1. How much of the DSSP beta bridge set in the range A:2-257 is antiparallel, as a percent to the nearest 5?
2. Within 10 Å of each Cβ in A:82-94, how many Cβ atoms from other chains are there, averaged over the peptide?
3. Rounded, prolate or oblate, given the Cα gyration tensor of the range B:281-354, with a/c below 1.5 counting as rounded?
4. Taking Rh as the Kirkwood radius, which is the inverse of the mean 1/r over Cα pairs, what is the Rg/Rh value for the range B:3-276?
5. Quick check: residue separation of A:Q128 and A:E59 times 0.36 nm, minus the Cα distance between them. What number comes out in nm?
6. Between the range B:129-168 and the range B:197-263, what's the alpha-carbon centroid distance in Å?
7. Can you give me the angle between helix B:400-409 and the longest principal axis of chain B, using Cα atoms only, in degrees from 0 to 90, rounded to the nearest 10?
8. So which chymotrypsin sites (Phe, Trp or Tyr not before Pro) in the range B:87-196 are both in a DSSP loop and have at most 15 other Cβ atoms within 10 Å of their Cβ?
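The values are calculated or read from the model by the stated rules, or taken from the named source; none is laboratory data. Computed from a predicted model, the values in this text were never measured in an experiment. Counting neighbours? That spans all protein chains shown, and the Cβs are built from the backbone with ideal geometry, glycine included. Protein only, heavy atoms only, side chains kept; ligands, DNA and RNA dropped before computing areas. Shrake-Rupley method; radii C 1.70, N 1.55, O 1.52, S 1.80 Å.
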Amino acid sequence: MNAIECRDVAVFYGRRAALWGVTCQVPLGCLAAVVGPNGAGKSTFLRAVAGLLPVQRGEIRLFARPIAEVRSRISYMPQRESVDWDFPLTVLDVVLMGRYGRLKLFQRPGRLDYERAWEALRHVGMEQHAHRQLGELSGGQQQRVFLARALAYDADLYLMDEPFAGIDAATEQVLLEVVHELRDAGKTVVVVHHDLQVVASVFEWVMLLNLHMIAAGPVGEVLTAQHLHEAYGGRSALLSEVVQRVALHREVMRRKGA
Amino acid sequence: MEWGSLFHPVVMGVLVGNALIAVGGALVGTFAVLRREALFGDVLAHAVLPGVGLAYVLSHRKDLPVLVVGALVVALIAAAAVDLLRREPRLREDARLGIVLSVSFGLGIVLLTALQRQYEPQQMGLWRFLFGQAAVVTWADVLLIAAIVALIIGFVALAFKELVALSFDAQFLRALPLPLRWVEMGYRGVLVCAILVGVQSVGALLMVAFLVLPPMAARPWVRHVKSMVIGAVLVSLAAVLMGVWVSLALPRVATGPVIVTAAAVVVVLSHLFAPRRGGLAQLWGRAARALQRWDEHVHKALYRIAEKEHSEPWNRRRLAEYRQQGVSKGTVVMLLWLWLTGSIRWHPGFRWSITEHGLKKAVQVVRRHRLWELYLERFLRVPPERVHTEAELIEHVLSPELEEQLEQMLQYPQHDPHGRPIPPQWGK
Ligand SMILES: Nc1ncnc2c1ncn2[C@@H]1O[C@H](COP(=O)(O)OP(=O)(O)OP(=O)(O)O)[C@@H](O)[C@H]1O
Ligand SMILES: [Mg+2]
């Protein structure tokens, strides 16, 4: 069984395509990287897999089921810059949010939830900062808080958007350790990453993206000079143009899968 | 009206009604601020005008329940219109909100002016929704307001954790298996409710300020959303009661502007006096740092003098020789300061010498200065003739821990790049 299976997925913002014809799989229990230039659609891909964006065409299945049925098994970690860190909350409050998915609507977190939150904080080495204000954290500490929140949820599939961006060596070490521990515990981890060197040495599975999926598979097969040139040599103007025109035809858009 | 009449039943009704309005506005306003959605509230407030106009045209009555229903319907239509425009990705959010706001306001003005022509003059009562008139709240209105505000308090208490989490990171929450649609709908509902009851006191034009200013005033003082809500309620109550008082004393003055001006004054004062984040605290910090720099420069000069004169007393002119090194003019002030802070001792004939306290302080500055000079030269390869100016600033910011690290890295040096001795730590 695959953790993620995408068939011919297209996602549009208005009339502009961010993803087109994306077909790929991520095997269960592997460490996968999503790689591609800026604006390639990496964040869009992750958000579509997390069920945050409507998929206009094609289908995404997680653990061989529709996303809506397995939401309790996926943990999404947005880009750090996507939130306002000058927010009147403490670190512990944010990590507790990781438990909200295990609670009913309006239900208060209980003892177990606090225990799990503290555990996650210890895991990322932030327990001494639990009662700090968010506004007082450094970039690396913010990233650790986000990681702790994702861990507190205790999911089977982790989707992390650029967790390695703008952090120091110590935080990178913590992140790598946690990611490996998750993988060893049989979880699947998908990470958007910009450093091809790290990707080649740390990850097992790579998805090379630029509007469409240029290649997806084991690191050795994907990171070839040919593929990289295709991905980073600029977005195919022809494909963008064709996709824009195709988007006007409702029949094409409505087709589910290919 | 006089203060004695404060306990008159009519006045009490006005006070209670407006206090409730303040509480509702502050609760919802806090989340509008945290979600950065203040302008959306502005749209809803402006949609109240055509709402009350329409309600009056259809029912020919102007008691509050009827008008509230009309306003509710039209506000929800306006919200739906914003949602509809959100499907057009080429429009930006400010354009969408601007369009709906202006159109509903325009419609409202058309309706109200037409009504005014047709049935003067008692319909003038509708105009109070434009600028607000706090003093016309009756006990019957209070019951309705209380019911609506109870609804707001109940919802915010129930959904507090979800509302906070949605304000902070909606994307993360939406990926969870939670039926958040109910929370979002509920939030929109209480936003409309708070605006409906608020508009009659504050007026549609200034409603957004009434929502946003109290939480803004509370923000620099608080560390948690809970305290932000409480702070906003207090500020809002103060502003509204101020408005009521003016409204009772000067019936011709519209209340909305008074309330909003009072709240704005609190915002300015709050941001001036807040600890750490406040303007005064920052000014004070800057002044304190400038004083520290000056004080340390003067001590450095004292050290140089002591190096040359040993323990011989010296006179004022001796200090003035160090002008280029940050010792400014006004040696009299300087000597007075040093004497008052116990760094120098007086000798007959207005001659001075450094005290142990002064020497201790001076040694510390000179040590840091010379260590940093050496570090600049050795590690950053700054040419020796430039290290002095660069070290002038850094010497004030080095902590004892950094100083120790520095010394370790430089392997406990004896001399700075100019060949002058680096004094050992005091007491060693
Ligand atoms: N909310 C949005 N509305 C409209 N267009 C969007 C939106 N979000 C992203 N896009 C566009 O979709 C494309 C893909 O964006 P996406 O954020 O997925 O790229 P990315 O690969 O994550 O880039 P980066 O490396 O900069 O994070 C870009 O061209 C971007 O401009
Ligand atoms: Mg991105």
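1. Values: 22 of 38 bridges.
So the antiparallel bridges in the range A:2-257 amount to around 60 percent.
2. Details: counts 4, 6, 5, 1, 2, 6, 16, 9, 2, 0, 0, 6, 5.
Partner Cβ neighbours, averaged per residue: 5.
3. On the way: a/c = 2.27, a/b = 1.84, b/c = 1.23.
Note, shape of the range B:281-354 comes out prolate.
4. On the way: Rg = 18.4 Å, Rh = 19.0 Å.
Rounded to two decimals, Rg over Rh is 0.97.
5. Working: separation 69, 0.36 × 69 = 24.84 nm, distance 4.37 nm.
Between A:Q128 and A:E59, full extension yields 20.5 nm more.
6. 13 Å
7. Helix B:400-409 sits at roughly 50 degrees to that axis.
8. Working: sites: B:F105, B:Y119, B:W127, B:F129, B:F131, B:W139, B:F155, B:F160, B:F168, B:F172, B:W182, B:Y187; in loops: B:Y119.
Hits after loop and neighbour filter: B:Y119.
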